[in-house]
Structure formats: C-alpha cells, structure tokens
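For reference, the structure discussed in these notes is given below.
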Amino acid sequence: MTETHYIQPHQRALHQAGLKSLLLVQFLTLLAFLPYLPVWFLLVYGLVGFWRWRAVHGQLRKPPFTVLLAAVVLGLGALLASGLNRYSLDSAVALCLLGYLLKSLEVLRRRDGIFQVYLGYFLAGVFLLYRFDPLAALIMIGLLFFNTLALQAVTAGGSFSWRYGLNQSSVILLAAIPIMVAGYLFFPRLPPLWQIPNDQRGAQTGMTDEITPGSVEQLAQSVAPVFRVAFETPLPARNQWYWRGTTLSIFDGRSWKAEYSSANPFRWPPEAELPSGLGPAISYSVIMENSGQRWLYFLDWPTTLDAQNSLILPDGRAASRDPISTVLRYRASSHARVNWPDQSRFIQANLRLPERGNERLRQWAKTLRQQYGTDLEFIDALMDHIRNEDFYYTLQPPGYEGNQSLADFWLTGRRGFCSHYASAVGYILRSVGIPARLVGGYLGGTYNPNGDYVQVRQMEAHVWVEVWLDQAWRRLDPTAAVAPGRVEMNLDTLFRNSQPGDLSLLSRIGSISLLNSLNLYWDSVLYQWQVLILDYENDVAKAWFEAAFGRFSPLKLAIAVLSLMALVGLVMALSLGMLTLPRRKREPFRSLSRIERWYGVRGEAETLRSYFQRLAGQHPHHSALLVLAGLAERALYQGVQTVPKRDFDRVLAQLRQQRRQHSR
C-alpha cells in the first residue's frame, strides 16, 4: 500500500484555468502600460507566453537558474539601452513590469500565482500615475476585475467555473464601490511620504524657455490639449486670446532664451510684482495638463495669480517651483491695459545682440530706420513691409542655418512660421535701438459650448514680440501681418483650405463635423472630471455629513463608516451565497407546522389522514381539523395551485376561533 502525503493548499500545482487566467491578466496589464514603455516588452511577453503555454500542456517544471539569470540580465540591459537609466517613474514602472512578466517563468504553484495576482493589483493602481481621467478609471477597474477573476481561478482548484468566477468577481467589485466612494469623500488628502520623479524619460511638452526658429512648428503638429480655461467674466474677443507663457530676452545669434531658466531655479529672484491693471479685469481659472515644464499660462497681460507653489518672475510671467507633473488648477486675472512696474533693468538687456552674425539684416534695419522720424512710425513701416512683400506663412519652412539664418530668411527665403517672423522682427528692432523681446505661448483656442470653456491645444503654439514703447511693453505680432486670419482662427482651420498637406492626419480627421462634435463632447467630459477631482475638498463631504447626521465628530464618522461596511458585507454575503435568509414555508407545510405546534407532532409511522383523525377524536369540537386535512391532501396530491392560500388562512382562522371558544 502506498503512503499518501497531505499537500498544503499553497503548495499545490496550478491547474489550467489558473495558468490561463494569469496569462490573460498579464496581457491586459501590459496592454494598458504599453504606450508608456518600450515596444520590446511585447517580445518579453511573447517568450513568457510560450513558456506558459508549455506549462498549460503539462510541462510543469521551472527553467534552469542560468536561464532565469540570463533573462534578468538581458532585461536590465534592455532597460538601460532604452534610456531608462535614471531614477524616475518610467524606470521604476518598467522594472516592476519586467519582474511581473519574468515571474511567470517560475509560477507553477498556487502560492506563486497568488503573489503574481497581488503584483497585478499593485500595477493597476500604478496606472493612475500616468493618467487620471474617466477612461483611465475604467481601465483600472477592468484590471482589478480580471485580477480578482485570476485570484479565484488560482485558489479554486480543478473545479473552477468561469461563469461562477465572473459572477463572484462582479459582486466583489460592486461591493467595493461604496467603500471607495466613502474613502474618497471623507479620507483626508495627505501629502505623499515619498515621490518618484515623473519625467517620462525626460519628456517635456509645450513651450520651453529656449526657442529657435523652426522649433515651434513641431508643436503645431500635435492636437494634444495643453490647458482649458473657464472665464468668470464675459468671454473676451477672440483676437485677444494670446496666452503668455515664457519671456525670452537673451539672443545668442541663433536661439532666444529666457533670463530665468527652468534648469536653474535656484537663481530665480524673490517674488516680483505683476503689472497693475487698468480698466475692467478678465477673471478666469485654468486647468493645465502635466507638461514637465514650470511655466504657467495667462491671458496677456496677467495682473493677479492664485496658484499653489508658484512664483512671479520680474519679466511678467509666473512659474511653478517644481516641474508640473500632474494636472494643475489655478486662478488668475488679466487686463488689456496695464501699468508696468519699474522695468529699467530690462531695457538695456533687451537691446543686446551678438557682435557677429546677420550683418546684412542689421544694415537693412538701420537703412529703413533712417527713413522715419519716430520708433512708432518705423514699426508701422516694418509691419507694412511684411504685408506688401512676398512673405509666406508655412508649417514647412526651409532650414535656415548658420550665423546668417535670420538674414537669409528675411532677405531671400521669406518662408517661415511664427518663430521665424518673431525672431527676425525682434532682431531688427534691437538693431535700431528699440528694446524688444520674444514671448512664447499660444494663440487662440476652441470654445466648447458643452462645458463653457476654451480648450487650447499644442497646435495653437505661437511666438510674438513685445516692444518697449511709451513706458510700457506692447504686443507686436508679425504673424498678424503675414497671415491676418491666424489671429481670428486656429491653425488647422487656417491651413485646411490653403495648405492641408502641412497638417497632421489627426488635424485633418478632426475637421469632419461628426468627429469634431464627438471630440468636443468627450473633452467636456474630461474637463468636468478634472473640475470634480481638483475642486473637491473634505469640507464639502463634511457639510453633507452634518446635514444628514448633525454635528460632525470622529465617533459619528467611524460609526457611519463601520455601518456602511457592515451593510456592504451583508449584501455581499447574501449575493455570494455565504449567508441565506430563512424562507417562509409553502402551503400546506406552513399550516401543518402550525398544527404540530398547537396539538403536538405526528408519530413516525402516522399518515396525514390518521394524524388528523386522531386529533379530531381528541378534540371533537374542533371540526375545522378535518376540513384542513382535506385541503392539505388536495394540495399534496393534486398540486398546490389547486388550493388557494386564502382557503388555508380561512380554515386556520376558524380553527383558532374554535380553540379559543372551547379552551374556556
């Protein structure tokens, strides 16, 4: 006789349903993270899937240690080769996901499968660090659902039923929703205990603090949203939708750079003063997407700012003290006319030019300046020159290289984008002694009536000039001279008829009326989601709580939360069959049970008829007993539907009355 040994549940081998469910949830998790990871992760999953397929078909053995070691070394080398060599969110997630996939090579026991499911739960929460919108919430819920399904498949043994597992997973997930809502409403918002830099492999989007002619048109190919603006005052005229971001005062002969660089925020001066407004204010709130940059955006010209962890810089802009790695909301106000604080230290700095380079353009500017008596007349003539000469506004300008790039553009090429025109005009103004600087930001936007806000995309990226005239910085936009329609319409609308080939495919598809309407509707959903999440404060939930339960106290909150958890647990137990409620007996068994309580139980070999005859003999005045016996026999032998329940109730009422009368 062979000796059998008891195997602990966690040491038992995984069956096919468990292996297949783990393979499925791994694929879904990888699919969710794939846009943020190197594509070679698909190859890793393919190799892991092949090994899993062998395990499903009976080859339950771990790979040799040398194979596991080689897989880990190759994986780490691939991460380093992909640029994930710094401490950042991407590198941490990629390392975790690599371990999650490679763990499958040795998952053969139930304990290992449970551990892998717990890793899947962790990664489902990590996904929200990349995006936090309704679609991301649905993806996370889906990952939680399939991980719960895999957990049941791993722990169920060979008798696992997919249908039963789907039902149980649904009930568990639905039961968790009230707890999740309560946690969101009442749990305090605590600062993080530790942080991982979220630079997405150093990627930054939007305007930087350095602009080179030809760099901005790359942004203009993207339809990704940058920020959304909700106005608290009447919507200003569209030709005033200049969204100020970076101020660029240093020109090195090729590029324009900000005096206060994001690369070295320690050299930023203390809090400065924004210009003071003249006339009515334009008030608005901005929800800004994560950009990796530090710059905040305002309607020209900003006069007040209400933003956390921000700093006003002396050159008329504001910056976040930390790179913007999450969605940020702030409030501000602007004025069309302002009084600038003392700008004397900026005047001389905004006249500097390199000693060499673009000599022909400098000479051309001086020659033109001699023809006009005032700076304002010269500027008007400069704008007329752009309007009257054969200048061309295009998303695909030729490359102007070398230290004569601006001269080549202005005097011969004459084909460029906003950064070319702004750079050339800024250089010309400085050449004749007029202080000038460039401003990087956005022009225009799309008004969304579904949410009553303006959406600004990367495509609206724009550069213009500020010139010092009459003791104030004044906006001068050369693009308005070469392409007047650009001020009144978005870039894709302007180019759709004249230069459709210059636009990206998504821009051209977006021109379809139905798709544009759907896009605006979905964007309004995202906007309302952001408002709901970013504006929420615990005081709101506290007010709701006090309206329902009186004065707030920690004890009341604890009782409410525990009561909610108990109610959810009860509903969950009933739904999963872990708890059953007593059911009311059907007729005639309900009436027979009552008779046995009144007169005593039947004997073991006593039939129903003989039982009632015995009772009738013992209680001759209880004539309803024999009537009840007839009803019970009809219900038992002819079907319950042949005797209405009201007949049983009527006879029991008669019997109750007879017992009461003859008990005196």
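The values are calculated or read from the model by the stated rules, or taken from the named source; none is laboratory data. Small disclaimer: the values here were computed from a predicted structure and weren't measured. Cβ coordinates were reconstructed from backbone atoms using ideal geometry, including for glycine residues, and neighbour counts include every protein chain displayed. For accessibility, only protein heavy atoms count, side chains too; no ligands or nucleic acids. Shrake-Rupley method; radii C 1.70, N 1.55, O 1.52, S 1.80 Å.
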Exercise for review: Would you kindly compute the Cα radius of gyration of segment 398-438 and its largest Cα-Cα separation (Dmax), both in Å?
Suggested key: 10.1, 29
Review point. In nm, to one decimal, how far is the modelled label at Phe186 from the one at Leu174, with both set 7 Å along Cα→Cβ?
Key: 2.4 nm
Exercise for review: Using the Kirkwood radius over Cα pairs, work out the Stokes-Einstein diffusion coefficient for segment 585-648 at 20 °C and 1.002 mPa s, in µm²/s as a whole number.
Suggested key: 178 µm²/s
Point to revise | Stokes-Einstein D in µm²/s, Kirkwood radius over Cα pairs - segment 211-303 at 20 °C with 1.002 mPa s viscosity | key: 135 µm²/s
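With a 10 Å radius around each residue's Cβ, average the other Cβ atoms per peptide and rank 18-24, 520-526, highest first. Don't jump to the answer; show the numbers that get you there.
Numbers: 18-24: 21.6, 520-526: 16.0.
So the order, starting with the most tightly packed, is 18-24, 520-526.
At a 10 angstrom cut-off on C-beta neighbours, averaged per residue, how do the peptides 207-214, 380-387 rank from highest to lowest?
On the way: 207-214: 21.8, 380-387: 14.9.
By packing density, highest mean first, the sequence is 207-214, 380-387.
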Study note, to complete from the structure: One can check that the equivalent ellipsoid of segment 614-664, built from the alpha-carbon gyration tensor with semi-axes equal to the square roots of five times its eigenvalues, has lengths in Å, largest first, of 23, 13, 5
Point to revise | Euclidean distance of C-alpha centroids, segment 156-181 and segment 281-350, integer Å | key: 49 Å
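Give me the percent of Cα-Cα pairs in segment 115-164 that sit more than 16 Å apart, rounded to a whole number.
On the way: 537 of 1225 pairs.
Taking all Cα-Cα pairs of segment 115-164, the fraction more than 16 Å apart is 44 percent.
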Review point. So how far apart, in nm, are the two label points at Gln16 and Val571 if each is 7 Å from Cα heading toward Cβ?
Key: 3.8 nm
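Leaving ligands and nucleic acids out of the surface, order Cys96, Cys418 by accessible area at 1.4 Å, largest first.
Details: Cys96 35, Cys418 0 Å².
So the residues, ranked largest to smallest area, are Cys96, Cys418.
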Exercise for review: Using a 10 Å cut-off on Cβ atoms, rank the peptides 627-636, 461-470 from the highest mean neighbour count down.
Suggested key: 461-470, 627-636
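Which percent of the accessible area of the chain is formed by carbon and sulfur heavy atoms (probe 1.4 angstrom)?
Values: 20180 of 34250 Å².
C and S fraction of accessible area: 59 percent.
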**Study point:** Farthest toward positive dipole pole in the chain [+1 Lys/Arg, -1 Asp/Glu at C-beta], among Gly49, Leu98, Gly639
**Key:** Gly639
**Study point:** Estimated distance in nm for a label pair at Phe266 and Asn516, the labels positioned 7 Å out from Cα along Cα-to-Cβ
**Key:** 5.1 nm
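Stretched out fully, how many nm does the piece from Phe122 to Gln396 gain, at 0.36 nm a residue minus the Cα gap?
Gain in length upon complete extension: 94.1 nm.
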Review point. Which whole-number percent of Cα pairs in segment 244-283 have a distance greater than 15 Å?
Key: 62 percent
Check your understanding: Over the Cα atoms of segment 285-416, how large are the radius of gyration and the largest Cα-Cα distance (Dmax), in Å?
Key -> 19.8, 53
Check your understanding: Could you list, bin by bin from short to long, the percent of Cα-Cα pairs of segment 255-328 in 5 Å steps?
Key -> 3, 14, 26, 24, 20, 9, 3, 0
Exercise for review: With a bin width of 5 angstrom, please list the P(r) values of segment 51-189 as percents of all Cα-Cα pairs, from the 0 bin to the one holding the largest distance.
Suggested key: 2, 8, 13, 17, 18, 15, 12, 8, 5, 1, 0
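Just to be sure I understand: if I project the alpha-carbon convex hull of segment 370-479 onto a plane and average over all orientations, what area do I get in nm²?
Numbers: hull surface 35.5 nm².
The orientation-averaged projected area of the Cα hull of segment 370-479 comes to 8.9 nm².
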Study note, to complete from the structure: Heavy-atom accessible area per residue of the chain, all protein chains kept, 1.4 Å probe, expressed in Å², is 52 Å²
Exercise for review: Diagonalise the Cα gyration tensor of the chain and give the resulting equivalent ellipsoid semi-axes, square root of 5 times each eigenvalue, largest first, whole Å.
Suggested key: 75, 34, 22
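State to the nearest 20 debye the size of the charge dipole of the chain about its Cα centre, where the only charges are +1 on K and R beta carbons and -1 on D and E beta carbons. Write out the running numbers ahead of the final one.
On the way: 66 positive and 50 negative charges, 899 e Å.
With only Lys, Arg, Asp and Glu charged at Cβ, the dipole is about 4320 debye.
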